[in-house]
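Just so it is clear, none of the values below were taken in a lab; they were calculated from the coordinates. As the structure is a prediction and not an experimental result, all values here were calculated from the model. Counting neighbours? That spans all protein chains shown, and the Cβs are built from the backbone with ideal geometry, glycine included.
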Amino acid sequence: METNGRLAPLIAVFGASTLLAGAASAQAAKPSTHAAVDAKLRAEAKVSETTARATALEEVPHGVVQSSELEREGGKLIYSFDIKVPGKSGIEEVNVNAVTGALEAHEHETPAKEKEEAAMERREAATPKKHTTKP
């Protein structure tokens, strides 16, 4: 089939958009392992993130939560909050038990410590994890 030269770019755009749409739907259909782990942890939590956040902010007056996550640390399910205090360098890391609601830890992290922790988390995220199933 002959084209007059104007259809070729349209055909290329259509083909590329079809490929992208197919890839996007394949991504959406495949559940993320990370999301499945997050859902499992949320199901185990007895305390809401909102309640845990209030506990953390009571520990750090005038603080603003920069980030939070639900994770298992030291065998305990915890909410970990990074809280910034205006006018103070670094952050306050506050951990609240996601089962009991009790304060687990409160540590000041200097900017250098924050960078070190972020680098460690990037390395952990890049390392493939073995998934095992229980018999």
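Dipole magnitude for the range 45-126: about 120 debye, using +1 per Lys or Arg Cβ and -1 per Asp or Glu Cβ, origin at the Cα centre. Of all aspartates and glutamates in the structure, those lying under 15 Å Cα to Cα from K84, and not within fewer than 8 positions of it along the same chain, are E58, E59, E92, E93, E107, E109, E114.
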